[in-house]
Amino acid sequence: MKFVVKHRTDILQALSKHQMEVSQVSFVKRRGRIMVNHVLTGQSFSYLRKKETTLDPVDKQWKHAEWFKIKSNDSKETDVTNWEQVMLAFDQWLVNI
């Protein structure tokens with residue numbers, strides 16, 4: 001998975017909104033998962049973008065689907081349906097660290 005430009009921009013804006021410097025976090029991409037690690041506390045937030053394209057048997061049109069799997073710290077992985085939900089969870093993670 002690529003680190004999509006819009007996703008990177010939104011994450012950097014969220015960090016700025018919470019008065020955090022980019023040097024306070026590290027970004028790691030491993031097995032398609034983007035991980036944001038807080039350097040001082042060791043807490044982490046990660047997401048995985050999943051995409052799927054299938055052919056609808058009825059109308060013979062390609063159907064594109066995208067969803068995300070998010071995880072913060074030691075919590076259970078959660079599925080969300082759009083990027084806005086990922087950013088809401090990321091904002092909440094920033095508030096809690």
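Here, each number is a calculation from the coordinates, and none is a lab measurement. These numbers were taken from a predicted model, which means no experiment stands behind them. Heads up, the Cβs are rebuilt from the backbone with ideal geometry, glycines too, and the neighbour counts pull from every protein chain shown.
Any residue at all in the range 26-41 that is farther than 17 Å from T78 by Cα, in contact with a helix residue (DSSP H, G or I) (Cβ under 9 Å, 6 or more places away or on another chain) and among the polar types (S, T, N, Q)? Within the range 26-41, not a single residue is farther than 17 Å from T78 by Cα, in contact with a helix residue (DSSP H, G or I) (Cβ under 9 Å, 6 or more places away or on another chain) and among the polar types (S, T, N, Q). Where strands (runs of 3 or more DSSP E) fall wholly inside the chain, the ranges with 2 or more residues that are surrounded by 16 or more Cβ atoms within 10 Å (Cβ to Cβ) and not hydroxyl-bearing (S, T, Y) are 33-38, 44-55, 62-72.
Within the range 1-37, the set of residues being in contact with a Leu (Cβ under 9 Å, 6 or more places away or on another chain), without any contact (Cβ under 8 Å) to a residue 60 or more places away in the chain and under 17 Å from I70 (Cα atoms) comprises M1, R31, G32, R33, I34, V36.
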